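Have a look at the structure below before the remarks.
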Amino acid sequence: MIETMFGALFGLVSSPHIMGLMLIAVIFGLLVGVTPGIGGKLSIAMAIPFVYGMDMVAGAVFLLTMHAVNGTSGQISSIMFGIPGDGDDAATTLDGYPLAKKGEAARALGASITASGVGGIIGAVVFALLIPFLEPIVLQFSPAEFFLIAILGISFIAFLSSGDKIVKGLIVGFWGLMLATVGMDPQTGTARYAGDHLFLWDGVSLVTAVLALFAVPEMIALGTKGGSISSVSAEDKNFSYRQLLSGILEVPRHWWLVLRTSVIGAVIGMIPGLGGSAAAWLCYGHAVQTSKHPERFGKGAIEGVIAPETASNGKEGGSLLPTLFFGIPGSSGMAVLLGAFLILGIQPGARMMTDHLDLVWTLIWALIVGNLIAVAILLVICRWVAVLTFVNGRYLVPFILLFVTIGCFVSDFQWQNLVVLVLLSAIGYGFLRADWPRAPFVIGLVLGGEAEGSLHQALQLWGYGFFLRPLSLVLIAMIVSLMAIAVWRNLRPRRHGRQVGFGG
Amino acid sequence: MNSFSTWLTGLMFAIFAVMVLVSLQYPPGARFMPLIVGIPGLLLCALQLALDFAKARRSRSLDRFRAAPKAGKPEAAAELPEFGQHTRGREILMWIYFVAFVGSVVLFGFYITVPIGITLFLWTQAGARLPVAAGAGAAATLVLFLMFGELLQIRLHPGLVAPHIARAVGL
C-alpha cells in the first residue's frame with residue numbers, strides 16, 4: 001500500500017507531461033470557476049473532447065484537477081462584490097463581503113483561498129485514510145448488490161438533491177437506465193431500439209448525452225438570461241499584498257476549525273447528493289455555534305470565510321470515494337466526471353480497489369497537488385481574476401456551442417450524434433425549465449450497462465432468490481424507504497413559512 | 001400545478017410506453033432489462049401525474065380560502081421568475097440559433113459554420129460590433145484548425161452538402 005501510494009506520487013510529479021496538463025487544468029478550472037454561467041459540470045463536459053487520445057491516467061488527472069479547483073476561484077466575486085457565483089459560495093458572502101466593505105478584501109481573499117486549498121488537501125487525505133477500512137466492505141459486494149446499488153444510487157441522488165422531487169429524479173434516473181439499453185444486447189446480440197442505424201448499435205454516446213443534458217441547457221439558459229455576475233462597479237477595495245499575507249496566516253491561526261470543517265466537508269461529500277452548499281452552510285453554522293463571539297458573524301468574522309471554504313472544497317475528496325468505488329457520484333459534478341472517466345476506460349467499482357489502486361492514489365495526489373498549484377496561482381492573480389465577473393454571459397454562448405458540437409462529433413466521429421444531441425437537449429432543457437434533477441440521468445446511463453450485466457450474472461448465480469440475500473434485503477429496504485418518504489413528502493400538507501432558507 | 005412539469009411527465013410517460021411496447025418484440029433475454037426498467041418508469045410517471053393532480057386540487061381549494069390583500073396595504077412588487085413569459089422570446093431565439101448551428105454543421109461542416117455562426121451571434125445577440133464579432137469568428141476558426149486539423153490531426157465533419165458543392169464548382 002505504502003509503495004503504491006508513493007509510487008503514484010512519484011509518477012505524477014516526475015512526469016512533465018502530466019504536470020503540464022495539471023497546470024493547464026488548474027488555470028482553466030480557475031478561470032471557468034469565476035466566469036459567469038460556466039459551472040463545474042459544464043466545464044468538464046466541454047473539456048471531454050480534449051482528453052480523447054490521452055491515456056487513462058493523464059485524462060483522469062486533467063479532468064479531476066479542473067473539477068477540484070473550480071470552486072476555489074468562485075468565492076472571489078462573493079468577497080469582492082457580495083455576489084456569489086453559485087450556491088457553494090453563498091455562505092462565504094455573509095462575512096466575506098462585510099470584510100471587503102471594511103477595506104479588508106485582500107485579507108478575506110487570502111484567508112478564503114488558502115482555506116479552500118487546505119480544505120481540498122484535507123479532503124483528499126480523509127479519502128486516503130479510509131481506503132484500508134473500505135477495502136473489505138467493497139469486496140463483499142456481489143453482482144446482486146451492484147445491480148441494487150445502481151438503483152439505490154439513483155434513488156439516493158434524486159432524494160437528497162431535490163427533497164420532495166424524488167419521483168421526478170427517479171423518472172430521470174430510470175430514463176437514463178432505459179437509454180442504456182439502446183444498442184446491441186450483450187446476451188442475445190439483438191440490436192435494441194437501433195433499427196438500421198449502425199451508429200446506435202454501440203448505444204447512445206455517453207458524451208452526447210452528458211452534453212445534451214448538462215451543457216446545452218445551461219448554455220441556452222445563459223443566452224436567455226445574459227448579463228454578468230457582477231453589475232456593481234469595481235471600486236477600489238484597498239487591496240494590498242500585506243493584507244493578503246495576513247489573511248493567509250489566519251488559516252494556521254484557526255487550524256482546529258480548519259481541520260474540523262474540512263473533515264465535516266469530506267464526510268458530507270461521501271453522501272451522494274449532498275452537495276457543496278450543504279457542506280458550506282453546515283460548517284458556517286458549526287463555526288458560529290463553536291465561536292466564543294458568535295455576534296461577530298455576519299459582520300466580517302474571518303472564521304465565517306474560512307469555515308465554508310474549507311468545507312466546500314473538502315467535500316471533493318469525500319465525493320470521489322462513492323464515485324470510484326461504487327459508481328455512485330457524490331455530486332452532479334462528479335456524475336459528469338464519472339461519465340468522462342468511463343470514456344477514458346476507467347470502470348468504477350470494486351476493481352478500482354484491486355486492479356487500479358495506483359490510479360486511485362494518483363487521483364488523490366492530483367487533488368492535493370492541484371490544490372497547491374491553484375492556491376499559489378490564485379493568491380498572485382486573484383486581484384485581476386475578479387474582472388472576469390463582469391463578462392457578459394452572452395459573449396460565451398457561441399464558444400460553448402462550438403465546444404459542445406465538437407465534443408459531440410469527436411466522441412464517435414459520427415455526424416448523427418449531432419442530431420441525437422438536439423433531440424436529447426430538448427428534453428434536457430425541459431428538465432432544467434421544470435426544475436427536475438438531471439444528475440440521476442447520468443448515473444442511470446453510466447450504471448445501466450453495468451447494472452444489466454450484474455443482473456444477468458446474479459440471476460445465473462442465484463435465480464430470483466438473489467433478492468433475498470441479506471445485503472440485497474438491506475438495499476431493497478433502503479430503496480423502498482426512500483420511495484415511501486418521497487410519497488409522504490409530496491402528500492403531506494405544507495406549513496407556511498417552512499421554505500425559509502438557511503441563508504435567510 | 002406546474003403545468004409544464006406535468007406536460008413533461010406526460011412526455012416521459014409516452015417515451016417509456018413506446019420503449020416498453022417496442023421491447024415486447026425482442027427475444028426474452030433482450031427485453032428483460034427494458035421491461036424491468038421501463039415498467040417501473042411508467043409507474044413512476046403515473047405516480048408523479050397523480051401527485052401533480054392531487055397537488056393541483058389541494059391548491060385550488062386553498063385558493064378559495066386565501067385572504068384578499070389588506071386594504072390600504074400595497075402589495076410587494078412581485079419579483080420576476082428566472083424563466084417565464086418575459087423570457088420566452090429569447091428562449092425561442094436561442095433554440096433557433098442552436099438548431100441552426102447544429103444543422104449547419106451537419107450540412108456544411110465546422111469550418112464554414114463556425115466563423116459565420118460566431119460572428120452572427122456576437123453581432124446580433126451579444127451586441128458586439130461587426131468587426132469585433134467577425135474577428136472573434138475568424139480567430140475561433142483559426143484556433144479550431146490549428147488545434148484539431150494540425151496539432152491533433154483530427155478530421156472534423158466536412159458537412160454532407162459542402163463537399164458536393166465544392167466539387168460542383170471545381171474546388
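Coordinate-derived values only; no laboratory data. Small disclaimer: the values here were computed from a predicted structure and weren't measured. When we count neighbours, we look across all protein chains shown, and the Cβ atoms used for this are built from the backbone with ideal geometry, even at glycine.
Say each of residue A:259 and residue A:384 gets a label point 7 Å from the Cα, pointing the same way as Cα to Cβ; how far apart are those two points in nm?
About 3.9 nm, to one decimal.
Can you pull the mean other chain C-beta count within 10 Å for peptide A:392-404?
What the average comes to for A:392-404 is 6.
How far, in nm, would the chain grow between residue A:462 and residue A:435 when pulled straight, counting 0.36 nm per residue and subtracting the alpha carbon separation?
Length gained between residue A:462 and residue A:435: 5.7 nm.
Going by amide H atoms built from the backbone, whose H comes under 5 Å of the H on residue A:192, apart from near neighbours?
Long-range HN contacts for residue A:192: A:183, A:184, A:185.
For A:180-190, what's the mean count of beta carbons from other chains sitting within 10 Å of each residue's beta carbon?
Other-chain Cβ atoms within 10 Å of each residue's Cβ, averaged: 5.
Quantify how strongly other chains surround peptide B:90-101 by giving the mean number of their Cβ atoms within 10 Å of each of its Cβ atoms.
5
In nm, what is the difference between 0.36 nm times the number of residues separating residue A:242 and residue A:299 and their Cα-Cα distance?
Taking 0.36 nm per residue and subtracting the Cα distance, the gain is 18.3 nm.
Would you work out which of A:344, A:397, A:357 lies farthest towards the positive end of the dipole of segment A:293-405? Charges go on Cβ: Lys and Arg +1, Asp and Glu -1.
Ranked along the dipole, the leading option is A:397.
What FRET efficiency comes out for the pair residue B:4/residue A:488, r = Cβ-Cβ distance, R0 = 22 Å, nearest 0.05?
According to the calculation, E is roughly 0.30.
Going down the table (A:165/A:299; A:315/B:55; A:101/A:225), which pairs top 31 Å between alpha carbons?
Violating the 31 Å limit, Cα to Cα: A:165/A:299; A:315/B:55.
How large is the helix-only mean residue ellipticity at 222 nm for the protein assembly as shown, computed as the sum of -39500 (n - 2.57) over DSSP H runs with n ≥ 4, divided by its residue count, in deg cm²/dmol to the nearest 500?
-23500 deg cm²/dmol
What does the extension gain come out to for residue B:124 and residue B:164, with contour length at 0.36 nm per residue minus their alpha carbon separation?
11.4 nm
Using only the Cα atoms of segment B:117-171, build the gyration tensor, take square roots of its eigenvalues as a ≥ b ≥ c, and label the shape rounded, prolate or oblate: rounded if a/c is under 1.5, else prolate if a/b is larger than b/c, else oblate.
The shape class here is oblate.
For chain A, what percent of Cα pairs sit more than 35 Å apart?
Cα-Cα pairs of chain A separated by over 35 Å account for 32 percent.
According to a simple spin-label model (label point 7 Å from Cα along Cα-to-Cβ), what is the distance in nm between residue A:249 and residue A:102?
1.7
Given Cβ point charges of +1 (Lys, Arg) and -1 (Asp, Glu) and nothing else, what value in debye, to the nearest 20, does the dipole of the protein assembly as shown about its Cα centre take?
The dipole magnitude comes to about 2220 debye.
Report the FRET efficiency, 1/(1 + (r/R0)^6), for residue A:188 and residue A:372, where r is their Cβ-Cβ distance and R0 is 56 Å, rounded to 0.05.
Approximately 0.60, to the nearest 0.05.
If packing is taken as the average count of other Cβ atoms within 10 Å, what order do A:392-405, A:212-225 fall into, highest mean first?
A:212-225, A:392-405
Please give, to one decimal in nm, the separation of the simple spin-label points placed at residue B:116 and residue A:290, each 7 Å out from Cα toward the Cβ.
6.1
So what is the relative contact order of chain B, in percent, for Cα pairs below 8 Å that sit 6 or more residues apart?
Value for chain B: 17 percent.
Can you order the peptides A:465-476, A:316-327, A:341-352 by their average number of other Cβ atoms within 10 Å per residue, highest first?
A:316-327, A:341-352, A:465-476
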